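The values are calculated or read from the model by the stated rules, or taken from the named source; none is laboratory data. Please read all numbers here as calculations on a predicted model, not as lab measurements. Using ideal geometry, Cβ is built from the backbone for each residue, glycine included, and neighbour counts are taken over all protein chains shown.
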Amino acid sequence: MRDPYASIWAEYKRSLAYRVAVANANSVPTTACRAALRSQPLHSGGIPLSCFNASHFASRAKRLSRAWRHMWFHARKAQALGLTV
């Protein structure tokens with residue numbers, strides 16, 4: 001099973017890079033940050049520290065961790081009901 005922290009970081013990075021590179025949204029503060037995100041793969045790589053917004057990441061990570069917890073709640077419930085293979 002994948003480490004949920006690594007998954008949350010990868011999903012945050014993917015969504016941020018997608019919004020900058022594909023949707024052309026103004027999600028990061030400078031053109032240098034947008035260029036850095038456009039120059040690497042959507043789902044991997046890093047974010048320059050000067051481009052990292054801790055409060056944006058915290059809100060996104062909170063939402064993703066709640067979704068992860070919700071998924072496991074339903075997976076265990078389905079298993080208890082014999083609905084899994």
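In summary, GLY82 fulfils each of the numbered conditions (1) in a helix (DSSP H, G or I); (2) at pLDDT 85 or above with the single exception of condition (1). For the stretch 44-57, the count of residues that are modelled with pLDDT of 75 or more, out of contact with any Asp or Glu (no Cβ under 7 Å at 6 or more places or on another chain) and closer than 30 Å to ALA75 by Cα is nonzero.
Taking ARG2, is it modelled with pLDDT under 80, assigned to a helix (DSSP H, G or I), within 30 Å of TRP72 (Cβ to Cβ) and of a type in the set (D, E, K, R)?
Working: modelled with pLDDT under 80: yes; assigned to a helix (DSSP H, G or I): no; within 30 Å of TRP72 (Cβ to Cβ): yes; of a type in the set (D, E, K, R): yes.
Here the answer is no, as ARG2 does not meet what is asked.
Checking ARG38, ARG19, ARG34, ARG66 one by one, the residue that is modelled with pLDDT of 80 or more and not hydroxyl-bearing (Ser, Thr, Tyr) is ARG66 and no other.
Exactly one residue out of ALA67, ALA75, ALA54, ALA61 is free of Cβ contacts under 8 Å to residues at least 24 places away in the same chain, surrounded by 10 or more Cβ atoms within 10 Å (Cβ to Cβ) and within 22 Å of TYR12 (Cβ to Cβ), and it is ALA67.
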